[in-house]
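The values are calculated or read from the model by the stated rules, or taken from the named source; none is laboratory data. Computed from a prediction, not measured in an experiment: that's the story for all the values here. Using ideal geometry, Cβ is built from the backbone for each residue, glycine included, and neighbour counts are taken over all protein chains shown.
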Amino acid sequence: MAPVNATEKLQELRKLMKENSVDVYIVPSEDSHSSEYIAHCDGRRAFLTGFTGSAGCAVVTTEKAALATDGRYFNQATQQLDSNWELLKQGLENVPTWQEWSADQAAGGKVVAVDPTLLASGAARKLSERIVKSTGKDLLPLDENLVDKVWGSDRPPRPMNLVALQEEKYAGKGVGEKLEQLRKELEKKKSPGFVVSMLDEIAWLFNLRGSDIPYNPVFFAYAIVTPETATLYIDDTKVSPEIQNILAENHVAMKPYEAIFNDSKALSASVVAAASASDSDNSTPSKFLISNKASWALKRALGGEDLVDEVRSPIGDAKAVKNDVELEGMRACQVRDGAALIEYFAWLEDQLVNKKAKVDEVEGAEKLESLRAKHKDFIGLSFDTISSTGANAAIIHYTPEKGICPTIDPAEVYLCDSGGQYRDGTTDTTRTVHFGTPKDEEIHAYTLVLKGNISLDMAIFPKGTTGFALDILARQFLWNDGLDYRHGTGHGVGSYLNVHEGPIGIGTRVQYTEVPLAPGNVTSIEPGFYEDGSYGIRIENMAIVKEIESKLKFGDKPFLGFEHITMVPYCRKLIDCTLLTAPEKKWLNDHHAEIFEKTKDYFKYDELTMSWLKRETHPLE
């Protein structure tokens, strides 16, 4: 990962800023739908800065430029940014947020601008309040995106791929049932409609899937659902006649993607007019609902504060609680995915140790993808495989590059974080392995991370507990040694949808205090430790939140726990058994026995993989 020279792009951007009387210009990472992972055409921040991580915000002034990102990407950003950029390491003491940095740079009455389609309305409001205090001027919504003008004709077009039906045998619920559930929420809030902007929510609501964003089975669209109507805003060339008929059967109309803003304005005007014409003394218009991640531009089109309520999306909440069909699919695809990973690690060890072959990081990732592709209902990867050897494993979200990545060193730690998209579910698994003789410090760190994973997996907690409250269970053993990691401990996972799915999660972020874990949630559990320049360790499982039969129920509350569904063994060479308690050893032996039973039939005629599986799942003494 070499720095990208940003000088010429910044010069062009500053020229445009001057032409538009802008002193500070903000370049978010997200697209118009607040997507974490984006299509190539929306990679504005990466184009401008050279930093390719999934999270971050660039801010450019007439003289300075800053890139803010979180702890997952400190190492990567340091390598990819050139000398034009100041790196704002978010979360570290005495380091300003990008919002604070922007306001400081604007002091004295300077103009701060942003493309309003790329900033969530709540974030825009808070930023504007901060800027007003510093400058006396509001945040300027600049409808023309200046980075797009710098990018010019080289900017990739917006994808126009066909959408596909997610059959009810995988979805578990029909479109009509989901719309009815949403309309009940509108009725509770006495709202005239919900404007849906998040791509995974639209895919889930209409039982459709797409391929507009790499690794995420979503498509570009908006939707408006009222008590009487449902409209999907999508380019009709992306929808087959069969799917158009299915939508029509569920009373879903279709309109062009770009019509969303004009229709929002018209809908807003009609609600205001109806309120004004009402004979009632209370002529205040009802408020539309939008997600708290919807764009500032969408909120403005709907009439702003007086006509819009930002809420945690009821679709997001419903989607996060998987139904029985979805849960069964998640369990089933994890077994197939586990079989692919088991075969991969057995193959890789044989190549590196027995055959003394050279396998680089990308070749390893490509081999793993080919093994996944053999299995039923495989669609593609759920994210770019993190195949990292030695010091590269310390780069939390490392992506190897073909032709310039190193060969996998059997004398070093190897970390593989990967996942698959299957018609019946989504997977995300990390295993850290060693094919030679690991160092004592690597064994010690690995065992502490494993103990944290086990501790959280074994946790029993009352209904109403959040992931924020549980996070310490995974970190406690590292903390005892003065160690930690700079990423969350768990994220929600979609059902053949986005591999990162809100609103639940496990970690220290404030948002993880807002939504308790609930039966039917699917989350990752992934503590880690990273020694920069040397090695990295992460162990990631997926788990289903479920109700536990407890002896007593204090306060008449049900108690919850986790069902682990990842079926890949842990690295025996890296476990210090003297650090494990008897319950931890039992957990590990039981889990390994389960892994063996559920995956062994895939290797009836594969002696190499079967031998590896038996060795790695053999009970600890």
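The table for this structure:
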item	result
Restricting region 126-158 to residues that are part of a loop (DSSP other than H, G, I, E, B) and closer than 29 Å to residue 210 by Cα, the residue that is modelled with the lowest pLDDT	143
Residue within region 516-530 that is touching a residue at least 60 places away in the same chain (Cβ under 8 Å) and polar (S, T, N, Q) present	yes
Residue, farthest from residue 61 (Cα to Cα), within region 17-29, restricted to residues that are in a loop (DSSP other than H, G, I, E, B) and touching a strand residue (DSSP E or B) at 6+ places or on another chain (Cβ under 8 Å)	29
Test: residue in region 34-41 that is closer than 20 Å to residue 142 by Cβ and in a helix (DSSP H, G or I)	yes
Residue in region 28-35 that is free of Cβ contacts under 8 Å to residues at least 60 places away in the same chain, closer than 17 Å to residue 120 by Cα, surrounded by 22 or more Cβ atoms within 10 Å (Cβ to Cβ) and under 26 Å from the mean Cα position of the chain (by Cα) present	yes
Conditions (1) farther than 23 Å from residue 546 by Cβ; (2) in contact with a Phe, Trp or Tyr (Cβ under 8 Å, 6 or more places away or on another chain); (3) part of a loop (DSSP other than H, G, I, E, B); number of the one not met by residue 498	(1)
Contacts under 9 angstrom Cβ, first residue in region 354-377 being on the phi > 0 side of the Ramachandran plot, partner outside any loop (DSSP other than H, G, I, E, B), 6 or more apart	377/170; 377/329; 377/332; 377/333; 377/336; 377/422; 377/425
For residue 361: the one exception among (1) modelled with pLDDT under 95; (2) crowded, with 23+ Cβ neighbours inside 10 Å; (3) of a type in the set (D, E, K, R)	(1)
Residue 505 in contact with a Lys or Arg (Cβ under 8 Å, 6 or more places away or on another chain) and surrounded by 14 or more Cβ atoms within 10 Å (Cβ to Cβ)	no
Neighbours by Cβ (under 8 Å, 6+ apart or cross-chain): first from region 477-488, in the same structural domain as residue 89 (by TED's automatic domain parsing); second of a type in the set (D, E, K, R) and surrounded by 19 or more Cβ atoms within 10 Å (Cβ to Cβ)	none
Inter-residue pairs, beta-carbon under 6 Å, first closer than 13 Å to residue 179 by Cβ and in region 244-256, second small (Gly, Ala, Ser), 6+ apart	250/176; 252/230
Residue in region 337-345 that is in the same structural domain as residue 574 (by TED's automatic domain parsing) and closer than 15 Å to residue 535 by Cβ present	no
In region 218-234, the residues that are over 18 Å from residue 291 (Cα atoms) and in contact with a helix residue (DSSP H, G or I) (Cβ under 6 Å, 6 or more places away or on another chain)	234
Matching residues in region 36-55 - criterion: being in contact with an Asp or Glu (Cβ under 8 Å, 6 or more places away or on another chain) and not aliphatic (A, V, I, L, M)	36, 42, 44, 50, 54
Selected residue (only one of 128, 102 is free of Cβ contacts under 8 Å to residues at least 12 places away in the same chain, outside the structural domain of residue 394 (by TED's automatic domain parsing), among the hydroxyl-bearing types (Ser, Thr, Tyr) and out of contact with any Gly (no Cβ under 9 Å at 6 or more places or on another chain))	128
Test result for residue 77, touching a residue at least 24 places away in the same chain (Cβ under 8 Å), outside any loop (DSSP other than H, G, I, E, B) and either in the same structural domain as residue 382 (by TED's automatic domain parsing) or under 26 Å from residue 538 (Cα atoms) (or both)	yes
Filter pass, residue 343 being touching a Pro at 6+ places or on another chain (Cβ under 9 Å), over 30 Å from residue 36 (Cα atoms) and in contact (Cβ under 8 Å) with a residue 60 or more places away in the chain	no
Within region 514-556, strands (runs of 3 or more DSSP E) holding 2 or more residues that are over 26 Å from residue 485 (Cβ atoms)	541-548
Residues of region 403-422 classified as at pLDDT 95 or above and part of a loop (DSSP other than H, G, I, E, B), total	8
Every pair of residues 6+ apart whose Cβ atoms lie under 6 Å, when the first sits in region 596-621 and is surrounded by fewer than 20 Cβ atoms within 10 Å (Cβ to Cβ) while the second is part of a loop (DSSP other than H, G, I, E, B)	598/567
Qualifying helices (runs of 4 or more DSSP H) (wholly inside region 159-257; at least 2 residues being surrounded by fewer than 18 Cβ atoms within 10 Å (Cβ to Cβ) and assigned by TED's automatic domain parsing to the domain that holds residue 267)	168-171, 175-188, 241-249
Any hit, region 432-444, residues being small (Gly, Ala, Ser) and closer than 30 Å to residue 318 by Cβ	no
Residues being outside any helix (DSSP H, G or I) and either surrounded by fewer than 20 Cβ atoms within 10 Å (Cβ to Cβ) or of a type in the set (A, V, I, L, M) (or both) - total across region 392-402	5
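Residue-wise test of (1) surrounded by fewer than 16 Cβ atoms within 10 Å (Cβ to Cβ); (2) under 26 Å from residue 383 (Cα atoms); (3) touching a helix residue (DSSP H, G or I) at 6+ places or on another chain (Cβ under 9 Å); (4) of a type outside the set (D, E, K, R).
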| residue | (1), (2), (3), (4) |
| --- | --- |
| 446 | no, yes, yes, yes |
| 457 | no, yes, yes, no |
| 464 | yes, no, no, yes |
| 468 | no, yes, yes, yes |
| 482 | yes, no, no, yes |
| 496 | no, yes, yes, yes |
| 521 | no, yes, yes, yes |
| 525 | no, yes, yes, yes |
| 533 | yes, yes, yes, yes |
